[in-house]
Amino acid sequence: MKKLFNIGMIAFLMAITLVSCSKDDDDDDVVKLDDRLVGTKWQCDDPVRKAFFGGICYQIYEFTSTTKVEKYNTRNGSVDKVAGEFDYILNYPDITINETDSDGNANPKKYKFVDSRTMHFVNEDGTLSDAIAYAIYYKQ
C-alpha cells in the first residue's frame, strides 16, 4: 500500500512539473502586436518642407516602445525638426497616433497597415487617403 502511495505521489509531482513547464513555454511563444513595431522607422515624403527649404525631405515616425512613437523631419539625411514623442494605440491593422499640436491640443492621426511595409492615412469617413501630404508611410 505504501509503495502504491509513493508511486502515485511521484506521478502526481511529474504531472505538475510537466504542466508548469508547458505553460512557461506557451507564454514565450506569445508575441504582442505592439512589440513588432518597436525599433522600426516609417517615413513619407515631406513636400511642404521641400517646397520651403529644398533638398530631400522626409517625415518620420520612429516607434521607441510598445506605447510611444517619436515624430521628426529630416532634410538631406539630417534631423532638422522634432515634433515630439506621442502615445499610440495599435489594434492591428489600425493604429491611432495621439499627436498634439504646438498648443497642446489633441490631434489624433489614424492609419491602417495595408501590408507589412505600408501605413496609410485614414480619412474621417474611414477611407484611405492619398490626396494629402503625409498620407503614405513606408517602413525603412
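Computed from the coordinates by the stated procedures, all read-outs in this text should not be read as laboratory data. Note that the structure is a prediction, hence the values are computed from the model and not measured. Backbone-built Cβ (ideal geometry, glycine too); neighbour counts: all protein chains shown.
Brief remarks follow.
- Taking amide hydrogens as placed 1.01 Å from N in the peptide plane, the amide H of Thr40 sits under 5 Å from those of Phe63, each at least 5 positions away in sequence or on another chain.
- The stretch between Ile89 and Gln140 holds 16.3 nm of extra length on full extension. This uses 0.36 nm per residue minus the Cα-Cα distance.
- Our summary gives the stretch 36-101 a relative contact order of 23 percent, counting only alpha carbon pairs under 8 angstrom and 6 or more residues apart.
- Net charge in the neighbourhood of Ala106 (other residues with Cβ under 11 Å of its Cβ; Lys, Arg +1, Asp, Glu -1) is -3.
- Evaluating 6.51 cos²θ - 1.76 cosθ + 1.60 at θ = phi - 60° for every residue in the stretch 54-59, the Karplus couplings come out as x, x, 9, 10, 10, 10 Hz, glycine and proline recorded as x.
- The phi-based Karplus calculation (6.51 cos²θ - 1.76 cosθ + 1.60; θ = phi - 60°) puts the 3J(HN,Hα) values of the stretch 105-114 at 7, 5, 9, x, 10, 10, 10, 10, 7, 8 Hz, whole numbers, x for Gly and Pro.
- Positive contributions from Lys and Arg (+1) and negative ones from Asp and Glu (-1), summed over other residues with Cβ under 14 Å from the Cβ of Val48, come out at +1.
- Amide H contacts of Ala83 (H built 1.01 Å from N, under 5 Å, at least 5 apart or other chain): Lys71, Tyr72, Asn73
- Charge sum, other residues only, whose C-beta stays under 9 Å from Arg75's C-beta, Lys/Arg counted +1 and Asp/Glu -1: +1
- From phi via Karplus (6.51, -1.76, 1.60), per-residue ³J(HN,Hα) for the stretch 37-47 in Hz, x at Gly/Pro: 8, 4, x, 9, 10, 10, 10, 9, 4, 10, x
- Note on Val114 and Thr127: the model spin-label points, each 7 Å out from Cα along the C-beta direction, lie 1.3 nm apart.
- Annotation: amide H of Thr100 within the under-5 Å range of Asn107, sequence separation 5 or more or interchain, hydrogens built in the peptide plane.
- Bins of 5 Å from zero: percent of alpha-carbon pairs in the stretch 33-139: 2, 12, 22, 26, 21, 13, 3, 0
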